Amino acid sequence: MSSTAHSSPPRRNSATNVMALSSSHSSDSIGEEKQKLLMDSAAEPPNKSPNSAISANGLKVLILLAVQNCSKNLLLRFVMKEHPKFLTSAAVLGVETVKLVLSLLYIAFVEKKPLSSAVEFIQQDKRNTILMAVPATLYSIQMTLEYIALSNLDASVFSVLVQTKLLATAGCAVLILRRSIKKVQLISLVLLTVGVMLCNMKDDKSSGKQDAEMDTTKGIIATLSIAACSGFASVYTEKVIKAKRKINDDLPKSQTEPSKKEQYGLAYTQVQLAFVSLVIMGLYCMTVELDVIIEKGLWHGFNGPAFVSIFVSAIGGLIVAAVLKFADAVLKGYATAISVVLTGVMSMLLFGTHLNILYFLGIGNVISAVMLYSATDLDKLLC
């Protein structure tokens, strides 16, 4: 969301980038915000011209973001369709473990640095490690809620409903950051609300085919909770970034010169996030689910597709975090729109989901809202 008219250009750009994060997958938004925080608020990249054509790299990013988001939703729905009885916390631990291992392998074989450098990075960046405990916790909660939501909702409905993260992010920005909303953004939020309501309206034909074990209300609550966590995490992280920038601006130049830790790449930030998430989820398992784990084992109830979903979620999150630096707000809006349509169509083909005319009307509203929310130069003429 943009800031007020009297804000300086850097502040406006930062706000726009943060709000645009909510148009991509929730875990991706936290990953990108965390990368910015761990770079100690380094200079922002040059703005991309919204009127320029999409480059070859931009097109690859667009396709990758759309396909990754769509495939993850469909795979999780396939895994959860039969309501397996495994621990969702174990799945989160599996995802973070795979991320940690892959990131360490990247450091060792691609960057050709010793694994001890990752430990040094965490030790040098203790303050940020502690600060990121909040978004890391919210990230773990979101992944847990995804399993709950997709066991009770069709992937097509989930992909639309989760876009309410725009509403959550806007609300948190207004309440926490005292941000003001543009008129065009308010219109987009109204369109989003109407679109989500249309997509969730079922006719008699679709209601009759619904899985008897599905609890739609539970799925909707879980999805809205994902959106709320995503919105709060984005705004919280931006607030931390702005606080650090203010501190750095007040320090002498000699104290804010690039330090050794700024030479670390994205793989180190992924190691740090995975480490914090593993600690948090490990404590949760030990305090809440220890008896079940001792009795049945940590991986009780997991099957082949469930393990595949863990790997896909982990590798997909790493890939998207790596390519997000090539995607501006408009590009991510396009990717979200394409993924919503792809998920709906593939859900109909793979799972026999009945999509009525109201769903497609709702998709049109949601896509328009996402694109309108991140649009720029709306006052320019088309011809």
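A few points about this structure:
- Considering Gly301, Gly317, Gly344, the condition of being farther than 27 Å from Phe275 by Cβ and small (Gly, Ala, Ser) is satisfied by Gly344 alone.
- Qualifying positions in segment 122-152 - of a type in the set (Phe, Trp, Tyr) and either under 14 Å from Asn73 (Cβ atoms) or surrounded by fewer than 21 Cβ atoms within 10 Å (Cβ to Cβ) (or both): Tyr147
- Failed item in (1) free of Cβ contacts under 8 Å to residues at least 40 places away in the same chain; (2) in contact with a His (Cβ under 7 Å, 6 or more places away or on another chain); (3) not charged (D, E, K, R), with Ser151 passing the rest: (1)
- Any chance Val194 is over 20 Å from the mean Cα position of the chain (by Cα) and under 28 Å from Gln270 (Cα atoms): no
- Criterion: surrounded by fewer than 21 Cβ atoms within 10 Å (Cβ to Cβ), within 23 Å of Leu76 (Cα to Cα) and small (Gly, Ala, Ser) - qualifying residue of Ala322, Ala314: Ala322
- Condition met for Leu355 (modelled with pLDDT under 90, over 18 Å from Gln185 (Cα atoms) and among the aliphatic types (A, V, I, L, M)): yes
- Any hit, segment 121-135, residues being under 15 Å from Ala222 (Cβ atoms), of a type in the set (Phe, Trp, Tyr) and touching a residue at least 60 places away in the same chain (Cβ under 8 Å): no
- Residue that is modelled with the lowest pLDDT, among those in segment 292-320 that are touching a Lys or Arg at 6+ places or on another chain (Cβ under 9 Å) and within 21 Å of Tyr139 (Cβ to Cβ): Gly317
- Which numbered condition Ile187 fails, given (1) within 24 Å of Leu150 (Cβ to Cβ); (2) modelled with pLDDT of 85 or more; (3) not polar (S, T, N, Q): (1)
- Residue identified as without any contact (Cβ under 8 Å) to a residue 12 or more places away in the chain and part of a helix (DSSP H, G or I) among Leu65, Leu59: Leu59
- Count - residues of segment 281-311 that are over 24 Å from Leu105 (Cα atoms), β-branched (Val, Ile, Thr) and surrounded by 14 or more Cβ atoms within 10 Å (Cβ to Cβ): 2
- Residue in segment 215-222 that is at pLDDT below 80 and more than 20 Å from the chain's Cα centre (by Cα) present: no
- For segment 339-353, a residue qualifies if it is open to solvent by 50 Å² or more (accessible area, probe 1.4 Å) and either under 15 Å from Val67 (Cβ atoms) or under 21 Å from the mean Cα position of the chain (by Cα) (or both), and the qualifying residues are Val341, Leu342, Val345, Met346, Leu350.
- Residue that is surrounded by the fewest Cβ atoms within 10 Å (Cβ to Cβ) [pool: residues in segment 82-110 that are of a type in the set (D, E, K, R) and at pLDDT below 90]: Lys85
The values are calculated or read from the model by the stated rules, or taken from the named source; none is laboratory data. None of the values given here were measured: they were computed from a predicted structure. Positions of Cβ are generated from backbone atoms using ideal geometry, with glycine treated the same way; all protein chains shown enter the neighbour counts. These accessible areas exclude ligands, DNA and RNA; they are computed on the full protein's heavy atoms, side chains included. Shrake-Rupley method; radii C 1.70, N 1.55, O 1.52, S 1.80 Å.
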